[in-house]
Structure formats: structure tokens, C-alpha cells
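Reviewing the structure listed below.
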Amino acid sequence: MQFPVSIAIAGFGVGLSLIAAIGAQSAFVLRQGLLRSHVGTVVLICAVSDVILVTSGVLGAGSLFAAAPWLMSVARYGGAAFLLVYAALAARRALQPRVLASSDVRAASRMSVILATIALTWLNPHVYLDAFVLLGSIASQYGEDRWAFGLGATLSSAVWFCSLGFGARLLGPVFKQPMAWRLLDAFVAATMTVLGFSLLAG
């Protein structure tokens, strides 16, 4: 049986359009890429998480949230709390006019980065809406070929996170200036504050 390439391309396009917006997760990946700190670990966690989420959506996991809406509430309030705390930390960095030293890169342990990546990925209710509701419902329209659509969507995630994480080093010369880091942290703080309060507001 011939592989439905066009359906996979459709999945890639839809997946990329959903993930390409600079949200909390992407902002975190970008910052780790600029720091060159545990980039491979961060990219791997994000990509594998999306494989799990999209595959679950294709399998019809959206019905789980329909049957137990309290799960979305847990993710909503937990995600909002985490985002607002992370926003406060980013705002504090933005207000400190100092040069980024190598010790700053080493300061974040691998485990702390792993936990932050997992939290930013799995405590974001929008992830479940995108993967379970949107991608899942679109994939179901392709019947038996829904797996090709899901494959394309997961591939788009891998391409996006790899490009964002490993491609960030191209901006290295710009971020040799302390002001560039302050502006980035201000952007991260603003992004996560808006997302955090939007979760609380429903």
C-alpha cells in the first residue's frame, strides 16, 4: 500500500502552524539554545512529548478530557502558577544589568532543566487542546490514514524544536551584549505573564 505523502504533508503543515507561535515552551527552548545549556536534552524532551501527545490525540484521547473536565482544571491552575513563577524569575534577570558569565550557564543543573522543560510542556492546557482536540479531530477525518497525518505533525515538532534549540547559536554574536539578554528575559517574562493570566482567566 502506498504511503499517503499528501496527508503527511498536511499533518506537517497543521502541526507547524500550531507550534510555531512563540509560547512559553518555545521561549524556554530558545533561551537554552542561546545559553548552549543542555540543548539536546531540552529538544529531546519537547520532541518526545509531542510524539506522545499527538499519538494520544490520534488515538482519541480528547474524550478523556470530555469525561473528566477536572483534569483540564488541574493543568490550568498548575500551569498558570508555574508560568507566573518563571515569569518573575525572568523579570528579575531582566532587571539585573550584568554580563552573562560561564558560571551562569553551569548554574542550571541538568535535572532542574529537565524538570522545567517537563513542566512547561505538560502543565500547559493549550498543549492538550492542540494535540487532543484540534490535531485529533483533524486526523480522524482521514480514517485509516490518520497515522500519516500524525506522523507529519510529530515531524513538524521535531523540526521546529531542533531548529529553535540548535539554531539559536547563530544569534550568539548578538547575545554577547548584556542588553540583548535583558531584552530576551523581558520578552520571556512578558510572554509567560500573559500566558499565565490567560490560563487563570480561562
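Just so it is clear, none of the values below were taken in a lab; they were calculated from the coordinates. The shown structure was predicted, so the numbers you read here are calculated from the model rather than taken from an experiment. Glycine gets a Cβ as well: all are built from the backbone with ideal geometry, and neighbour counts include every protein chain shown.
So if we plug the beta-carbon distance of Tyr77 and Val133 into 1/(1 + (r/R0)^6) with R0 = 22 Å, what FRET efficiency do we get, rounded to 0.05? Working from the Cβ atoms, E equals 0.70. Packing here is the average count of other Cβ atoms within 10 Å per residue, and on that basis the peptides 28-39, 110-121, highest first, run 28-39, 110-121.
Helices meeting the span-like rule in the chain (full DSSP H runs, Cα extent of at least 24 Å along the helix axis, mean Kyte-Doolittle score of 1.6 or higher): 39-59. In a reduced charge model with +1 at each Lys and Arg Cβ and -1 at each Asp and Glu Cβ, the chain shows a dipole moment near 900 debye about its Cα centre. On full extension, the segment bounded by Leu200 and Glu144 gains 16.3 nm, given 0.36 nm per residue less the C-alpha separation. When each of the peptides 157-170, 47-60 is scored by how many other beta carbons lie within 10 Å of its residues on average, the order from highest to lowest is 47-60, 157-170. Ordered from longest to shortest, the equivalent ellipsoid semi-axes for the chain are 32, 20, 13 Å, each the square root of 5 times a Cα gyration tensor eigenvalue. Between Ile114 and Arg92, take the C-beta separation as r, use R0 = 25 Å, and let me know the FRET efficiency to the nearest 0.05. Rounded to the nearest 0.05, the efficiency is 0.65. For Ala20, no residue 5 or more places off, or on another chain, has a built amide H under 5 Å of its own.
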